[in-house]
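Below you'll find the structure, written out as structure tokens, and then a few comments.
Only the coordinates and a few stated rules stand behind these numbers; no lab work does. Keep in mind that what you see is a predicted model, and the values were worked out from it rather than measured. Ideal geometry is used to build each Cβ from the backbone, glycine not excepted, and the neighbour counts take in all protein chains shown.
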Amino acid sequence: MKGAQFLVQALEREGVEVIFGYPGGAIMPVYDALIDSKIRHILVRHEQAAALAADGYARASGKVGVCMATSGPGATNLVTGIANAYMDSVPVVAITGQVATNLMGTDAFQEVDIFGITLPVVKHSFLVRTAAELPEIVREAFRIARSGRPGPVLIDLPKDIANTIAGYEFGTNEKNEATPAPSPESISHALDLLRKSQRPVAYVGGGVGMANALAELKTFIETSGIPFVATLKGLGSLSTKHELALGMMGMHGRKAANHAVQECDLLLCIGARFDDRATGRLNGFAPHAKVIHLDVDAAEIGKLRHAEAPVAGNLCDSLKALTCQLDIEPWRRKCLALKESTEWDYAAPGSEVYAPDFLRRLSERAGENCIVACDVGQHQMWVAQHFHFTNPAQHLTSGGLGTMGFGLPAAIGAQFAFPDATVINVSGDGSIMMNLQEFATLRRYDLPVKIVLFDNSALGMVRQWQELFHDRRYSEVDLSDNPDFALVAQSMGLTSFRVDRREDVDAAIVQLLAARGPVLAHVIIHQEANVWPIVGPGKSNSEMMDEVTL
Amino acid sequence: MNTLKLRLRVKHSEGALVRVLSVTRRRRFDLLQVLANATLDGAFLDVQMTVQAERAGNTLLSQLAKLEDVSNVELLAPKEAEGEAQVAKLGA
């Protein structure tokens with residue numbers, strides 16, 4: 001059997017059902033082996049989309065996403081997607097073809113040191129030296145990708161190894177190692193702080209969903225009565241409509257969330273990492289709080305904020321062990337009153353489409369099981385603010401890397417994970433152009449992804465920053481020469497329509513959700529629409545600006 | 001600025017040492033000295049590093065500890081580090 005066949009068999013043994021990729025010279029042996037495999041290969045139109053689709057597939061399904069490309073430019077095109085998975089701790093295995101071993105290091109055609117290039121953005125990587133080690137490498141790659149804090153793993157496969165005939169007996173797949181439980185001492189100390197606290201807040205991050213600790217979080221929050229805030233990636237870990245949910249924290253967070261964190265005397269950080277977009281100016285963040293930090297990755301604890309009670313270990317065990325009743329009724333009432341007084345206001349002047357209200361209405365109509373894949377920019381923040389989620393796997397968003405162009409490929413990945421689900425890509429006129437070619441992938445596989453494209457003829461978030469923090473000195477943010485996106489979509493086989501009046505929004509949403517195949521709603525919004533509130537650069541989360549304060 | 005000395009045992013696999021040095025650099029620790037020797041069986045590298053940073057040594061230690069190739073990493077106590085420096089000096 002050839003090395004490439006070993007590889008494909010090993011992938012099958014890992015339960016891989018879908019690979020997102022793009023063929024080329026050095027990876028051809030693997031594509032040949034795929035013909036005889038039950039694994040479904042999805043041909044994207046750019047390798048970056050393969051990596052991002054694998055990422056979206058993994059986020060939505062909880063399985064390891066797999067992408068594949070050839071050597072050289074194929075491999076380098078994967079890099080943004082790999083980095084995206086690394087920053088958001090998403091389990092992805094990326095397979096790259098490599099030139100033959102005798103050519104490696106000679107600057108051969110389409111040779112690039114992808115192993116070296118990706119070192120800072122992978123959890124681990126392998127360069128395959130012999131065909132016989134391939135099954136073991138694949139097994140290790142999947143184990144590493146999904147264990148502990150998940151992340152991407154690269155397998156770089158030289159073409160001659162892929163073509164080498166070798167013998168190998170597949171062993172039994174070992175079970176994944178269990179994630180270590182927290183130490184009793186750390187739990188005891190954390191419990192002590194928790195019981196002494198008068199004003200605790202839980203700060204919920206993406207780690208909760210990754211650890212499958214949603215039930216444990218719910219029990220912990222409802223038993224203790226602690227109000228909670230969520231990071232961008234933590235949204236939906238407990239329903240965003242939960243009574244104790246104060247909303248997203250951070251730069252574009254909800255006022256109730258940021259104020260509660262700033263006032264709390266104990267911050268219970270659960271699977272989050274004190275990211276600068278969440279904390280604002282770090283030395284002004286939660287200034288009165290002691291910190292209990294729960295994380296599976298011990299390296300995150302104390303990295304940016306000292307934790308009085310570090311609890312390293314799996315979140316399910318940690319949350320179970322910390323579940324207790326607390327007497328914090330006055331604080332709880334204060335937080336809920338704050339939440340009530342800072343509800344979103346959806347009234348907006350004019351007759352143009354108001355994106356927050358569009359998203360609120362879309363969320364209501366799409367139901368609780370839809371999956372939303374965002375791009376990056378203003379629309380991403382509006383989704384985080386105004387869409388409701390009951391599970392973090394519903395909200396696919398590029399949090400750490402902030403990759404414009406993430407949304408459409410991620411939606412494609414999610415649709416392959418759940419063919420019958422309502423999958424919505426919310427994008428902007430800047431982001432959509434980053435992976436526009438994937439309209440062709442939607443058409444090829446007739447994927448019923450629903451695209452909401454907010455078009456303000458500008459790079460909205462950069463424009464907003466230039467308006468607010470650069471004295472309105474606008475630099476390279478004008479996109480008024482955009483193509484007619486509805487026509488572009490039609491030419492690539494999508495149904496499309498334009499929405500530019502507020503009174504048409506409800507009908508447009510109905511049309512969007514009722515479409516049977518891929519569909520694009522081209523939604524025109526005001527060029528100067530901003531995301532509110534906002535914490536300015538270098539400011540603490542206490543200093544939120546809103547439209548009124550301008 | 002803290003000067004720290006670390007001792008690591010690293011699997012002698014593709015790119016392992018580069019990975020260690022890359023993490024060290026990316027986490028803003030300046031490398032002052034590095035010494036790496038393969039173990040007799042060739043399976044591991046024993047690495048000693050001296051680094052300088054304003055950040056606490058534990059932050060680097062925990063980042064290195066989670067690398068797949070690193071089987072052991074420890075921060076040498078100042079006394080131990082001093083002793084090893086003297087041994088190195090005598091050896092020189």
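Points worth noting:
- Net charge over other residues, Cβ less than 10 angstrom from the Cβ of A:ASN163 (K, R count +1; D, E count -1): 0
- For the pair A:THR130 and A:LYS196, a Förster radius of 60 Å applied to the C-beta separation gives a FRET efficiency near 0.55, rounded to the nearest 0.05.
- With R₀ set to 25 Å, the beta-carbon distance separating A:LYS539 from A:ARG333 gives a calculated FRET efficiency near 0.30.
- Share, in percent, of DSSP beta bridges within chain A that are antiparallel, nearest 5: 5 percent
- Applying the Karplus relation 6.51 cos²θ - 1.76 cosθ + 1.60 with θ = phi - 60° to region A:373-386 yields 3J(HN,Hα) values of 10, 9, 8, 10, x, 4, 4, 4, 6, 5, 4, 4, 7, 10 Hz, where x marks Gly and Pro.
- Positive-pole candidate from A:GLN325, A:GLN262, A:ALA312, dipole of region A:235-372, charges at beta carbon: A:GLN262
- 3J(HN,Hα) couplings calculated from phi for region A:97-104 with the Karplus curve 6.51 cos²θ - 1.76 cosθ + 1.60 (θ = phi - 60°) are, in sequence order, x, 9, 5, 4, 4, 6, 9, 5 Hz; Gly and Pro show x.
- Low-density loop cleavage sites - trypsin sites (Lys or Arg not before Pro) in region A:229-335, where at most 16 other Cβ are within 10 Å (DSSP): A:LYS241, A:ARG281
- Using only side-chain charges placed at the Cβ, +1 for Lys and Arg and -1 for Asp and Glu, the dipole size of the protein assembly as shown relative to its Cα centre rounds to 820 debye.
- Placing a label point 7 Å from the Cα of A:MET1 along the Cα-to-Cβ direction, the residues of region A:139-174 whose backbone N falls under 15 Å of that point are A:139, A:162-173.
- Every helix of 4 or more DSSP H residues in chain A counts as -39500 (n - 2.57), and over all residues that averages to -10500 deg cm²/dmol at 222 nm.
- Counting beta carbons within 10 Å around each of A:SER237, A:SER89 and listing the fewest first gives the order A:SER89, A:SER237.
- Since only A:GLN415, A:GLN380, A:LEU246 are under comparison, the one whose Cα sits farthest along the positive direction of the charge dipole of the protein assembly as shown, derived from C-beta charges on Lys, Arg, Asp and Glu, is A:LEU246.
- The lysines within cross-link reach of A:LYS303, meaning a Cα-to-Cα straight distance under 17 Å and a gap of 8 or more places when in the same chain, are A:LYS290, B:LYS66.
- Ranked list, fewest to most other Cβ atoms within 10 Å of each Cβ, for A:GLU329, A:GLU467: A:GLU329, A:GLU467
- Anchor A:LYS233: aspartates and glutamates whose Cα lies under 13 Å away (excluding residues fewer than 8 positions away in-chain): A:ASP88, A:ASP275
- Dipole orientation for region A:445-512: of the candidates A:SER457, A:THR495, A:PHE469, A:PHE469 has the Cα lying most toward the positive pole (charges on Cβ; Lys, Arg +1; Asp, Glu -1).
- For region A:55-119, the list of chymotrypsin sites (Phe, Trp or Tyr not before Pro) that fall in a loop by DSSP and count at most 15 other C-beta atoms within 10 angstrom reads A:PHE109.
- Shape call, the protein assembly as shown: gyration tensor on alpha carbons, a/c limit 1.5: oblate
- Panel order for A:HIS522, A:HIS189, by other beta carbons found within 10 Å of each beta carbon, from fewest to most: A:HIS189, A:HIS522.
- Placing +1 on each Lys and Arg Cβ and -1 on each Asp and Glu Cβ, with no other charges, gives region A:89-232 a dipole about its Cα centre of roughly 720 debye.
- Candidate cross-link partners of A:LYS38 among the lysines, defined by an alpha-carbon separation under 29 Å and a same-chain spacing of 8 or more, comprise A:LYS2, A:LYS63, A:LYS123, A:LYS159, A:LYS175, A:LYS450.
- Calculated FRET efficiency for the pair A:THR106/B:ASP30, C-beta based, R₀ 35 Å, to 0.05: 0.55
- In a simple Cβ point-charge model (Lys, Arg +1; Asp, Glu -1; nothing else charged), region A:355-537 has a dipole of about 320 debye relative to its Cα centre.
- Scalar couplings 3J(HN,Hα) for region A:271-277, obtained by applying the Karplus form with A = 6.51, B = -1.76, C = 1.60 to θ = phi - 60°, are x, 10, 9, 6, 4, 5, 5 Hz; x denotes Gly and Pro.
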